[in-house]
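The values are calculated or read from the model by the stated rules, or taken from the named source; none is laboratory data. Just so it is clear, the model here is predicted, and its values are computed rather than measured. Ideal geometry is used to build each Cβ from the backbone, glycine not excepted, and the neighbour counts take in all protein chains shown.
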Amino acid sequence: MDAGPSHPETLGAFMEELRIMVKLIGQAPAKVFVTGGAGFIGSHLVDRLLGAGHRVAVVDNFATGRESNLAHAAGHVTLHRADIAADDLVPLFAGATTVFHLAGLADIVPSIERPVEYFRTNVDGTMRVMEAARAAGVAKVVYAASSSCYGIPDVFPTDEQAAVRPQYPYALTKYLGELTALHWGQVYGIPVVSLRLFNVYGPRSRTTGAYGAVFGVFLAQKLAGKPYTVVGDGKQTRDFTYVTDVAEAFLAAATSPAAGEIFNVGSGGTYAINELVALLGGDVTYVAKRPGEPDCTFADVRKIERVLGWRACVSFRTGVGLMLDNVELWRDAPVWDREGIERATAAWFTHLGKERAVS
Ligand SMILES: NC(=O)c1ccc[n+]([C@@H]2O[C@H](COP(=O)([O-])OP(=O)(O)OC[C@H]3O[C@@H](n4cnc5c(N)ncnc54)[C@H](O)[C@@H]3O)[C@@H](O)[C@H]2O)c1
């Protein structure tokens, strides 16, 4: 698989790049599959792959993905509306050379309320994706794993050797998915790379449904002129990684000879929630800190830099600016307040009380 040219800045530039690539190649390029391609990260990866001249197929059941995320690429992507945990994926994957497996249920609170659904999609679904990849004889599978597997780490920045301590079913099921993907790789000789993503943000992240990622919560509050609901004292830090950098990491993983490897994908820094608030500007209200959440997430990215030659290039300040440029995307998103958050996270406090946290 060819990495192709780097990110086009606009849709026009992207389409031009695509036309040039197709002309230059003059033959059918590799057929790559993106499960979860209608989702936030998946749709950015689709853009990057189209820009590199690949034939792209998406497998998505639109559980949380949106048609609008791919609207600009209509006609350039083959869309398979399918449930990775239920539908027969083997015929769909015929001819696939690379599979990027991003389909999954990714909200934390619903995973505590409905763990069976999370196992079905994130674990069974991954096993079924691997079976279909095996049947297709693909050259590479890249799995979207989560830094949540580290739970509350002892060491920062946290490297890939750190203890795995999932604190809630989302983290557990993503980790079991990683083990499954790597196991299929080991037993059936499929080159598999697992990318442990740290706090990905950018346009098209989920705006509806469950209470979730801080950026979406804050941007909806900003548009509504409501205070930002800061958890705890806001001094906790997160390794916010911009989505186009993450898409680039997927491509680097797919085009490298690495197999059976796990890589952290992080920004190279860690940023306080208070810093984010200062960049966004506006009033603040505080909500209770949740058990099982780390005070810091911070990826040690030396391995991915060394082996894949990948490094994030969008700074936090630039990324926040890009979010503000796209703030209208959050116009219809739910506007959370302290009471709403308390109701939405009740199951979290019931089940993840400190004394019960896994260590
Ligand atoms: N966003 C982050 O910060 C982050 C961090 C670590 C890992 N990840 C992982 O990256 C992947 C993509 O996350 P995202 O933030 O883009 O989330 P997202 O919800 O926007 O994307 C997930 C996609 O998977 C699809 N999907 C869900 N269940 C499916 C099923 N049974 N069959 C087919 N498709 C299904 C959804 O419709 C959606 O399009 C997920 O696997 C997530 O666990 C995300």
Exercise. In this structure, does Arg66 turn out to be of a type in the set (D, E, K, R) and under 16 Å from the mean Cα position of the chain (by Cα)?
Worked result: yes
Problem set entry | Unmet requirement for Gly26, which otherwise passes all of (1) within 16 Å of the ligand (Cβ to nearest atom); (2) at pLDDT below 55 | (1)
For this session: Could you look through region 54-94, keep only residues that are within 11 Å of the ligand (Cβ to nearest atom) and among the polar types (S, T, N, Q), and pick out the one that is surrounded by the most Cβ atoms within 10 Å (Cβ to Cβ)?
Result: Asn69
Exercise. From the residues in region 95-116 that are more than 13 Å from the ligand (Cβ to nearest atom) and either at pLDDT below 95 or small (Gly, Ala, Ser) (or both), which one is surrounded by the fewest Cβ atoms within 10 Å (Cβ to Cβ)?
Worked result: Gly95
Exercise. So which pairs qualify, if the first residue must be in region 64-75 and of a type in the set (D, E, K, R), the second must be away from the ligand (no atom under 14 Å from the Cβ), the Cβ gap must be under 9 Å, and the two must be at least 6 apart or on different chains?
Worked result: Glu67/Ala74
Problem set entry | Hits in region 91-105 (condition: in a loop (DSSP other than H, G, I, E, B) and not aliphatic (A, V, I, L, M)) | Pro91, Phe93, Gly95, Thr97, Gly104
Problem set entry | Pairs, first within 19 Å of Val164 (Cβ to Cβ) and among the polar types (S, T, N, Q) in region 285-297, second in a strand (DSSP E or B) and modelled with pLDDT of 95 or more, C-beta under 8 Å, six or more apart | Thr297/Thr158; Thr297/Thr237; Thr297/Arg238
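Matching residues to (1) within 9 Å of the ligand (Cβ to nearest atom); (2) within 15 Å of Thr297 (Cα to Cα); (3) part of a loop (DSSP other than H, G, I, E, B):
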{"site": "Glu131", "(1), (2), (3)": "no, no, no"}
{"site": "Gln167", "(1), (2), (3)": "no, yes, yes"}
{"site": "Thr180", "(1), (2), (3)": "no, no, no"}
{"site": "Trp184", "(1), (2), (3)": "no, no, no"}
{"site": "Arg196", "(1), (2), (3)": "yes, yes, no"}
Seminar exercise, completed: Restricted to region 174-205 and to residues being under 17 Å from Asp245 (Cβ atoms) and of a type in the set (D, E, K, R), the residue surrounded by the fewest Cβ atoms within 10 Å (Cβ to Cβ) is Arg204
Exercise. Quick one: Thr229 ticks every box in (1) under 21 Å from Tyr170 (Cβ atoms); (2) of a type outside the set (Gly, Ala, Ser); (3) part of a helix (DSSP H, G or I); (4) over 19 Å from the mean Cα position of the chain (by Cα) bar one, so which box is it?
Worked result: (3)
Seminar exercise, completed: Arg204 fails exactly one of (1) within 26 Å of His54 (Cα to Cα); (2) away from the ligand (no atom under 13 Å from the Cβ); (3) modelled with pLDDT under 95, namely (2)
